[in-house]
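A short write-up of the structure that comes next.
The values are calculated or read from the model by the stated rules, or taken from the named source; none is laboratory data. Note that the structure is predicted; figures quoted are calculated from it, not measured. All Cβ positions, even for glycine, are placed from backbone atoms using ideal geometry, and neighbour counts span all protein chains on display. These area figures cover heavy atoms from the full protein model, side chains too; ligands, DNA and RNA do not enter into them. Shrake-Rupley method; radii C 1.70, N 1.55, O 1.52, S 1.80 Å.
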Amino acid sequence: MAAALLTTEPPIASPCISSCRIDPADAVCTGCGRTLDEIAAWSAATPEWRADVMKALPDRRAAYRERNPAA
């Protein structure tokens, strides 16, 4: 049996807020703050990788809003 695939921890939910628009200058979704690569990899990513991405998102979104106050 593939015990390495079993976990008791719930998966980290996607930060998607269904407001998807990729900013061409930053290549980041203006809704959730993830890059296209992060969005594509999310469903197969490890919980640790997802947690690292989640930690980066608040700063990323704040930096985007600072550069684009009308957004």
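For the reader, a short list of remarks on this structure follows.
Here is a yes/no grid of residues against (1) open to solvent by 70 Å² or more (accessible area, probe 1.4 Å); (2) modelled with pLDDT of 90 or more; (3) of a type outside the set (A, V, I, L, M):
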| position | (1), (2), (3) |
| --- | --- |
| Ala4 | yes, no, no |
| Thr8 | yes, no, yes |
| Ile22 | no, yes, no |
| Asp26 | no, no, yes |
| Arg34 | no, yes, yes |
| Asp37 | yes, yes, yes |
| Arg50 | no, yes, yes |
| Ala56 | no, yes, no |
| Asn68 | no, no, yes |
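- Some residue of segment 27-42 being more than 12 Å from the chain's Cα centre (by Cα), hydrophobic (A, V, I, L, M, F, W, C) and in a loop (DSSP other than H, G, I, E, B): yes
- Check on Pro15, part of a loop (DSSP other than H, G, I, E, B), out of contact with any His (no Cβ under 7 Å at 6 or more places or on another chain) and modelled with pLDDT of 90 or more: yes
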